[in-house]
Amino acid sequence: MVRRTKAEAEQTRREIVAAARRVFHERGVRCSSLEQIALAAGVTRGAVYWHFKDKSALFFAVRSEGYESFTRQIGEALAVDRQPDPLTAIAEALKAVFDMLAHDDMARQTLEILLLRCEYTGELADALQLVFESHRHLQDALRVVYERAAAQSLLRPGLTPDLLAMETLTFLTGLLERWIVDRGGRIANSVAALVDCHVELRRAA
């Protein structure tokens, strides 16, 4: 009986997070209320408070759940055993991100909320620090792969792994925002070519 109750509570929590994602995506985080989220989830406001202290806690849950797919996809694509050519590995990792977003509604909606439907002020000011931390982790992962490329003499002279990692992170975040705004347009249809151009310009002749 206890196990079933815990399972039901966890299912309710998942439904609340899913509802919050839909409401945040439709209305924006600032204009969303716990009442609206409870209604979308088909639960009482008390049920929402039982699982989450406030809207900020619910936002962090939405972010965490959706961002896991994003970071896992990049990590797997950058793994050493997946692709012996480090620069090709980076290109494949960047393309995999957009392929995942095109087919994973949860990840895409989460990214749209984080980039376009959230003001990082007030109770959500701390969320911006999480964004910076995730960027730092990704930049570190990219630097490691660029260091492998440097060890194999694959980089153009004068380019350092640290600078390239920072540049690729900047390229990715900018392209993600353009892709979201321009879904189905020229940018979205040119992702693979843009990624290949970005990476190959760093390869030694």
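The values are calculated or read from the model by the stated rules, or taken from the named source; none is laboratory data. For clarity, every value in this text was computed on a predicted model and none was experimentally measured. Cβ atoms come from the backbone with ideal geometry, glycine included; neighbour counts cover every protein chain shown. All accessible areas refer to the heavy atoms of the entire protein, side chains included, with ligands and DNA or RNA removed. Shrake-Rupley method; radii C 1.70, N 1.55, O 1.52, S 1.80 Å.
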Listed residue (Q139, L101, F60) projecting farthest to the positive dipole end of the chain, Cβ model: F60
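Order the peptides 30-36, 121-127 from the highest to the lowest mean number of other Cβ atoms within 10 Å of their residues.
Details: 30-36: 15.0, 121-127: 12.6.
My ranking of the peptides, most packed first, is 30-36, 121-127.
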Region 89-205, accessible surface, carbon-and-sulfur percent (1.4 angstrom probe): 55
Förster radius 41 Å - calculated FRET efficiency between A192 and S33 (Cβ-Cβ, nearest 0.05): 0.50
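Taking the inverse of the average 1/r across all pairs of different Cα atoms in region 81-145, what Kirkwood radius in Å do you get?
Working: mean 1/r = 0.0725 Å⁻¹.
Evaluated over region 81-145, this radius sits at 13.8 Å.
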Loop trypsin sites (Lys or Arg not before Pro), region 109-205 (other Cβ atoms within 10 Å of the site Cβ: 15 or fewer; DSSP): R183
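Tell me the Kirkwood radius of the chain: reciprocal of the mean inverse pair distance over distinct alpha-carbon atoms, in Å. It would help to have the intermediate numbers written out before the result.
Numbers: mean 1/r = 0.0535 Å⁻¹.
Here the Kirkwood hydrodynamic radius works out to 18.7 Å.
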Stokes-Einstein D (µm²/s) once Rh is taken as the Kirkwood radius of region 29-80 over alpha-carbon pairs, at 25 °C in 0.890 mPa s: 193
Projected-area average for region 1-119 over all orientations - Cα convex hull basis, square nanometres: 9.2
For L155, distant residues with modelled amide H under 5 Å away: A204
Cα long-axis angle, helix 125-151 against the chain (0 to 90 degrees, to the nearest 10): 30
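So if R0 is 45 Å, what FRET efficiency would L163 and T5 give, r being the distance between their Cβ atoms, rounded to the nearest 0.05? Could the numbers behind the result be given before it?
Numbers: r = 54 Å, r/R0 = 1.20.
E between L163 and T5, to the nearest 0.05, is 0.25.
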